[in-house]
1. With every protein chain left in place and a probe of 1.4 Å, what is the accessible surface of L109, to the nearest 10 Å²?
2. Can you return the lysines within cross-link range of K41? Criterion is Cα-Cα under 16 Å, with same-chain partners fewer than 8 residues away left out.
3. Hey, can you rank 152-164, 127-139, 43-55 by average C-beta count inside 10 Å, highest first?
4. Once Rh for region 1-75 is found with the Kirkwood sum over Cα pairs, what is the Stokes-Einstein diffusion coefficient at 10 °C and 1.306 mPa s, in µm²/s?
5. Probe of 1.4 angstrom, ligands and nucleic acids ignored: what's the accessible area per residue over region 39-165, in square angstrom?
6. I'd like the carbon and sulfur percentage of the solvent accessible area for region 95-165, probe radius 1.4 Å, heavy atoms only, ligands and nucleic acids excluded.
7. Can you tell me what percent of all Cα-Cα pairs in region 27-119 are more than 20 Å apart?
8. In µm²/s, what is D for region 85-134 at 37 °C and 0.692 mPa s, where D = kT/(6 pi eta Rh) by Stokes-Einstein and Rh is the Kirkwood radius from Cα pairs?
Amino acid sequence: MLNYQITPRTLFTELLLRDQPDAAAWINGNTQNPALSGMVKFYHTTYGGVLVEAQIFGLPHADLPDSSSFYAMHIHESGDCSDNLDHTGMHYNPQNTQHPNHAGDMPPLLGNQGYAFAVFYDKRFTIPEIIGRSVIIHENPDDFTSQPAGNAGAKIGCGEIKWVV
């Protein structure tokens, strides 16, 4: 018989099941990827960090059977997703660190036939610090080496992070 204990995972699961995020970004694709859409949700935790849940649809290669690809996902400085995502600025980096240690550097998305789902915990930012910024999906995976931003290619999806009322 397993001995179940309250762990961060237990509390994180409860947050996700309640589905009441503190902030969210509705992701829309650029002009070359109009089918791309989804939601990235941000939950305050009692551990001082943020639980991030991303569910993205319509990623490239959705029509290829058994396709899977990685896509970079970052928080960028500006929430302005206009002009084919040209005004989002660089990665959110309040500590002026080298890539991949920016506060806005997030784990890659693994898309399978155009769908990606990810959940992770992050203590490098708070929700108030990211309100008004954007979540960006890039066409390629982040290489976690190249400066200043990981050589992830074009921005294909964007959403402004807003408070959930």
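The values are calculated or read from the model by the stated rules, or taken from the named source; none is laboratory data. Computed from a predicted structure; not experimentally measured. As a convention, Cβ positions derive from the backbone with ideal geometry for all residues, glycine included, and neighbour counts pool all protein chains shown. What goes into the accessible areas is simple: the full protein's heavy atoms, side chains included, and nothing from ligands, DNA or RNA. Shrake-Rupley method; radii C 1.70, N 1.55, O 1.52, S 1.80 Å.
1. So the heavy atoms of L109 present about 0 Å² to solvent.
2. Partners within reach: K123, K162.
3. 127-139, 152-164, 43-55
4. Values: Rh = 14.8 Å.
Value of D from the Cα-based Kirkwood radius: 107 µm²/s.
5. Values: 6050 Å² over 127 residues.
Using a 1.4 Å probe on heavy atoms only, each residue of region 39-165 averages 48 Å².
6. Values: 1880 of 3570 Å².
Heavy-atom surface of region 95-165 belonging to carbon and sulfur, 1.4 Å probe: 53 percent.
7. Everything past 20 Å amounts to 44 percent.
8. Working: Rh = 12.7 Å.
So the translational diffusion coefficient is about 258 µm²/s.
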